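Engineer: Handing you a structure now.
Just so it is clear, none of the values below were taken in a lab; they were calculated from the coordinates. Only a predicted model underlies this, so the values are computations on that prediction, with no experimental measurement involved. Cβ atoms come from the backbone with ideal geometry, glycine included; neighbour counts cover every protein chain shown.
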Amino acid sequence: MLRFAPSPTGDMDIGNLRVAILNYIVAKQKNEQFLIRIEDSDTKRNIEGKDTEIMMLLEKFAITHNSVYHQSEHLGIHQKLAIRLLQEERAFICKCTEQDLEEAREIAKKDGIAYRYNNRCEILTNDDYKKLKESGEPFVIRLKKPEQDIINNDVIKRSIKTAPNEVDSFVIMRTDNTPTYNFACACDDMLSNISFIIRGEDHLTNTPKQMHIKSALGYDSDTKYAHLPIILNSDAKKMSKRDEASSVKWLFEEGFVPDAILNYLILLGNSKTPKEIFTLPEAIEWFNLETISKSATKFDITKLQFINREHLKLMDDKQLSGLFGFADADIGKLAKLYLEECSTTNELEAKIRPIFKPKNFDGEWGEQMRTIESLISEAPAFQTFNQLKKHITKESGLKGKNLFKPLRILLTGAENGPELSEIYPLIKSYILEVAS
Ligand code: GLU
């Protein structure tokens, strides 16, 4: 089984979305189940409604799942598993206060060495647990550090060895008897028998801890990991919330379509794809995690714009017209004429809407526009642009620039754009509304 485990603590960013897409693709390729686990164990950081928002976004990308649950539903299980580790003396109780730890950190800093927990509470076991609980004195539960190096044969980052001291005896249950991220995550991966975990490389240091938790709990199935390189912004810094393009919501607001965002994120850092423009079902046919570069990749909005334009070209005409409030394939075709100069649906909308809005007759060409407007309103419907043009010239004497400038403004609300002969057949059934 594969999973996507988002935290409902903020807007979904493109890094999270890439993780969801790639886990989904690999699940499909392996014909395995795909689980969504909302990681809401750190209750203070949860933001109401973000879980529903994440699910809705996944739906927009047609990323379907076999099951979904909130991690907090497993609180009782996490507590029981922690007690089991205490009973088996793989974990111990720690009464160190934040002040004790701070002092130890300061000393390590002064000595120029990396801080490690000094194991001074390692003598406190399950017997002390009951007494401490009754007394109300705060304590945490720590997992004893491993005895051997932990080796993660990462699919992308290759073999990574972590020494026991680097894993350290870390906290698995907080003073409020809730699990830490690493403990909840590892327990749940174990309980769901997650066989392959694809996630961002910011989790690389969590992986040995989670591997250690699972092995301490006696889980002996091998879990494969793949850590995706970080995404950089145009200043070559890690993309963060400060970069608006990192937000999936922002990309939608700007007029990028789901198929294009998906396409771009699958392509990111992956130069060996057989095609540049593709759909999710196509990617499932050939996607290979091993061709993803180990190093960070720059987010390139120009490339995303190019991909977006290509997907808009491929979109069904009638579906495309729906984005502008029509259900008419001709309006979709009309929008596609503007793809020479536009790459997002917002840019297209800025071209299509003015065509159907009342025109401004106060400008330089107002008088000619009035003449043409009245000719059109009285004339029969012309099939071709040539017929329309001939009729106007015949009745008004307007030709050349004196015909085309006002006619273009009257028909499109703009001074420039695609050929009128291509636009006209697509708007002719709205001509009275348009030419006014
Ligand atoms: N909840 C974690 C996050 O959103 C992901 C955990 C994981 O994939 O293991 O970063």
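Engineer: Using just the C-alpha positions of segment 236-285 as equal point scatterers, what log10 of I(q)/I(0) does the Debye formula give at each q in 0.21, 0.30 1/Å?
Structural biologist: The computed values of log10 I(q)/I(0) come out as -0.83, -1.12.
Engineer: Pop the C-beta distance of K294 and F361 into the FRET formula with R0 = 51 Å and round what comes out to the nearest 0.05.
Structural biologist: Efficiency, rounded to the nearest 0.05: 0.25.
Engineer: Pop a pseudo-label 7 angstrom from the Cα along the beta-carbon direction at both K313 and R45 and give the gap in nm to one decimal.
Structural biologist: With each label point 7 Å from Cα toward Cβ, the separation is 4.3 nm.
Engineer: If you don't mind, another one. I need to check one value: relative contact order of segment 173-255, counting alpha carbon pairs closer than 8 Å and at least 6 residues apart, in percent.
Structural biologist: Working: 64 pairs, mean separation 21.6, N = 83.
Dividing the mean separation by the residue count of segment 173-255 yields 26 percent.
Engineer: Which whole-angstrom value gives the distance between the alpha carbon centres of segment 209-231 and segment 1-25?
Structural biologist: Taking the Cα centre of each part, segment 209-231 and segment 1-25 sit 17 Å apart.
Engineer: Taking R0 as 60 Å, what FRET efficiency do you get between Y430 and N193 from their Cβ-Cβ distance, rounded to the nearest 0.05?
Structural biologist: E(calc), rounded to 0.05, equals 0.55.
Engineer: Along each of the three principal axes of the Cα atoms of segment 1-56, give the extent in whole Å, ordering the values from largest to smallest.
Structural biologist: Largest first, segment 1-56 extends 36, 21, 16 Å along its Cα principal axes.
Engineer: For segment 92-197, what is the largest minus smallest coordinate of the Cα atoms on each principal axis, given in angstrom and ordered from greatest to least?
Structural biologist: 47, 40, 20
Engineer: Just the isolated ones, please: cysteines in the chain lacking another cysteine beta carbon under 4.7 angstrom.
Structural biologist: For the chain, the answer is C96, C185, C187, C342, because their Cβ atoms have no other cysteine Cβ under 4.7 Å.
Engineer: With a cut-off of at most 10 other beta carbons within 10 Å, and DSSP calling the residue loop, which GluC sites (Glu not before Pro) in segment 1-60 qualify? Please list them.
Structural biologist: E48
Engineer: Quick check: from the Cα gyration tensor, does segment 363-436 come out rounded (a/c under 1.5), prolate or oblate?
Structural biologist: Verdict is rounded for segment 363-436.
Engineer: Using only the Cα atoms of segment 271-345, construct the convex hull and provide its projected area averaged over every direction, in square nanometres to one decimal.
Structural biologist: 6.1 nm²
Engineer: Compute the whole-percent fraction of alpha carbon pairs in segment 314-404 spaced more than 16 Å apart.
Structural biologist: 64 percent
Engineer: When the Cα centres of segment 154-186 and segment 69-83 are compared, how far apart do they sit, in Å?
Structural biologist: 17 Å
Engineer: Then there is this: Return the FRET efficiency for the residue pair I230, E73: r is the Cβ-Cβ distance, R0 is 45 Å, and the value is rounded to the nearest 0.05.
Structural biologist: Efficiency, from the Cβ-Cβ distance: 0.90.
Engineer: Say the cut-off is 22 Å between C-alpha atoms; which of K109/K161; K275/K298; K237/K294; K359/K401 go over it?
Structural biologist: Working: K109/K161 24 Å; K275/K298 20 Å; K237/K294 16 Å; K359/K401 19 Å.
Flagged as over cut-off: K109/K161.
Engineer: Test of understanding: ordering R174, R105 by Cβ neighbours within 10 Å, fewest first, what list do you get?
Structural biologist: R105, R174
Engineer: Separate question: Within segment 367-436, report the trypsin sites (Lys or Arg not before Pro) that DSSP leaves as loop and that have at most 15 other Cβ atoms within 10 Å.
Structural biologist: Working: sites: R370, K389, K390, K394, K399, K401, R408, K428; in loops: K399.
Passing both the DSSP loop test and the Cβ count: K399.
Engineer: Going by C-beta contacts inside 10 Å, put D222, D328, D168 in order with the fewest on the left.
Structural biologist: Fewest to most other Cβ atoms nearby, the residues stand as D222, D328, D168.
Engineer: Can you report the principal axis dimensions of segment 27-77 using only the alpha carbons, biggest first, rounded to whole angstrom?
Structural biologist: 36, 27, 12 Å, listed from the longest principal axis down.
Engineer: Further question on the same structure: Among the lysines, select those whose C-alpha is under 22 Å from the C-alpha of K60, and discard any that sit fewer than 8 residues away in the same chain.
Structural biologist: Output for K60: K28, K50, K241, K249, K303, K313, K318.
Engineer: While we're here: What is the distance in Å between the Cα centroid of segment 321-350 and that of segment 376-436?
Structural biologist: Value for the Cα centre distance between the two parts: 20 Å.
Engineer: To continue, here is another question. Looking at the chain, what % of its DSSP beta bridges pair antiparallel, to the nearest 5?
Structural biologist: 50 percent
Engineer: Using the Kirkwood radius over C-alpha pairs as Rh, can you work out the diffusion coefficient of the chain via Stokes-Einstein at 37 °C, viscosity 0.692 mPa s, in µm² per second?
Structural biologist: Rounded to a whole number, D works out at 126 µm²/s.
Engineer: Of all alpha-carbon pairs in segment 323-362, indicate the percentage at a distance above 11 angstrom.
Structural biologist: For segment 323-362, the share of Cα pairs beyond 11 Å comes to 65 percent.
Engineer: Report Rg (one decimal) and Dmax (nearest whole number) for segment 136-229, counting Cα atoms only, units Å.
Structural biologist: Rg then Dmax for segment 136-229, in Å: 13.4, 46.
Engineer: Computed over the Cα atoms of segment 277-436, what is the ratio Rg over Rh, Rh following Kirkwood?
Structural biologist: Values: Rg = 20.2 Å, Rh = 17.8 Å.
Ratio value, two decimals: 1.13.
Engineer: Follow-up. Could you work out how much longer the chain between M55 and K237 gets when fully extended? Use 0.36 nm per residue separation minus the Cα distance between them, nm to one decimal.
Structural biologist: 62.6 nm
Engineer: What number in nm² do you get for segment 200-281 if you take the convex hull of its Cα atoms and divide its surface by four?
Structural biologist: Approximately 8.0 nm², given one-decimal rounding.
Engineer: Cut-off is 10 Å between beta-carbons; in what order do M190, M211, M55, M173 appear when sorted fewest neighbours first?
Structural biologist: Fewest to most other Cβ atoms nearby, the residues stand as M55, M190, M211, M173.
Engineer: I would also like to ask the following. Rg and Dmax of segment 44-148 over Cα atoms: what are they, in angstrom?
Structural biologist: 19.7, 54
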